[in-house]
1. Hey, among 176, 165, which residue is loosely packed, with under 15 Cβ neighbours inside 10 Å, under 29 Å from residue 220 (Cα atoms) and hydrophobic (A, V, I, L, M, F, W, C)?
2. Name every residue in the range 247-272 that is surrounded by 21 or more Cβ atoms within 10 Å (Cβ to Cβ), among the charged types (D, E, K, R) and either part of a helix (DSSP H, G or I) or on the phi > 0 side of the Ramachandran plot (or both), in order of residue number.
3. Only one of 221, 230 is in contact (Cβ under 8 Å) with a residue 40 or more places away in the chain, assigned to a loop (DSSP other than H, G, I, E, B) and buried (at least 23 other Cβ atoms within 10 Å of the Cβ). Can you tell me which?
4. Looking at (1) farther than 25 Å from residue 36 by Cα; (2) within 19 Å of the chain's Cα centre (by Cα); (3) buried (at least 23 other Cβ atoms within 10 Å of the Cβ), find the lone condition where residue 283 falls short.
5. Select from the range 255-310 the residues that are among the basic types (Lys, Arg) and without any contact (Cβ under 8 Å) to a residue 40 or more places away in the chain and list them in ascending order.
6. Does the range 194-205 contain any residue that is without any contact (Cβ under 8 Å) to a residue 60 or more places away in the chain and touching a helix residue (DSSP H, G or I) at 6+ places or on another chain (Cβ under 7 Å)?
7. Exactly one of these conditions fails for residue 361: (1) in contact with a Leu (Cβ under 7 Å, 6 or more places away or on another chain); (2) over 27 Å from residue 279 (Cβ atoms); (3) in a helix (DSSP H, G or I). Give me its number.
Amino acid sequence: MNAADASALPVGVSPPPPPTSPIYLDNGGTTALDPEVHAGLCARLALPLGNPNAAHEAGRAAREMLETARGDLAVLLGGKPEEIVFTSGGTESITLALLGCTPVRTGRVAVSAVEHSATRTAALALTEQGMALDVVPVTPTGLVTPEALTATLRPDTRIVSLMLAQNEIGTISDLASLIPLVRRLAPKARIVVDAVQGFTKVPVRLAALGADCVAITAHKLHGPIGIGALWTRLPLTPLFKGGGQERGQRGGTQPAVLAWALVEAARRAVADVDASRRMAALRDRLVEEVGHHLPGVTLTGEPPGPTRLPNNAHFCIPGLPSEPLINALAAAGVAASAGAACSTGKARISPTLQALGRRAEEGAFVRLTVGRFTTEACVVEGAARLAACVEPLRRAYAGR
């Protein structure tokens, strides 16, 4: 435990003993690189690859790798190669979709109240350029209902952004009912889907989904950080033109090796047909263990089942705030994330939890997420360490 971590704990609370091994339960934040993808990356980085836009042999080799990846990703998504734009990640994909899907800055943009910060930021940028913003309310478990969407949509709605799965609480949207509603009530709207957290965990076939743009990234599915993609059936106005790469929709030299890694990680995740069942079983064991050690702890969001991501457990733990618990978990060797952040010294609940009607006074909000390589021993030990962190903090805050 370093000095910064120690100073973040309340006075009178001793730091936990050094952990024997780290416990990684933040797969919703980013995932460990798949060993096979890592090996493939290393092998391809050693190749004499050039700029994929160059005419010489090294350039042609890079271009072949890039276009093969584009075609393979199109097959995985159920689209066409020319509909794939490679980006630096989920944030760029979402931003490109929202800011690039229409050159006309009139009418309204509608986003759900639990969208990722990338979507919220892009939507606010659209309002600065002349559009009006409508926020679709959600249920206390984070669902957008057809009724709420119907009440929000207008004939002049031009952009609608919805999530396949919520990144913080894991709620899965019923896009099969929501997207046809948008088509009927706002027929001129462009529909953007943030599939960053849900891709490979929730079945996605673009032809059946009916959206105009779908954003994904590699590092949520055991691929590398720094590469994502946007499927789009619309011509996009680029955020930056550069040399006109990606059919003029995203300038800059394309990273062919990272594009291969994104597709290989996605291919391996999709091919692991038992992964969702394994992750759900681990998540359920984690919920059981936490409940055993800490009675009174509740899950935030939808109950485990078809409307919740199989790897997501988001807890509300009464009796203490979030930030000291996250610090204590880090000191105990447990990687987790909070549903609340600290801003200018005061506890601030996340926009997602605010949209659900939750309050910081309810307790600590903690997201624990498993991955394809998480073990049962990891979740059992993680729950035990969580309990060991909670009890002394509860005693410290009981008298405040």
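1. After applying the criteria, what remains is 176.
2. 264
3. 221
4. Unmet condition: (1).
5. 277, the sole residue that qualifies.
6. no
7. Unmet condition: (1).
Condition check ((1) under 26 Å from the mean Cα position of the chain (by Cα); (2) in contact (Cβ under 8 Å) with a residue 24 or more places away in the chain; (3) within 30 Å of residue 170 (Cα to Cα); (4) assigned by TED's automatic domain parsing to the domain that holds residue 179) across all residues:
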residue: 57; (1), (2), (3), (4): no, no, no, yes
residue: 75; (1), (2), (3), (4): yes, no, yes, yes
residue: 85; (1), (2), (3), (4): yes, yes, yes, yes
residue: 90; (1), (2), (3), (4): yes, yes, yes, yes
residue: 103; (1), (2), (3), (4): no, yes, no, yes
residue: 114; (1), (2), (3), (4): yes, yes, yes, yes
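The values are calculated or read from the model by the stated rules, or taken from the named source; none is laboratory data. Computed from a predicted model, the values in this text were never measured in an experiment. A quick note on method: Cβ atoms are made from the backbone with ideal geometry, for glycine too, and the neighbour counts reach across all protein chains shown.
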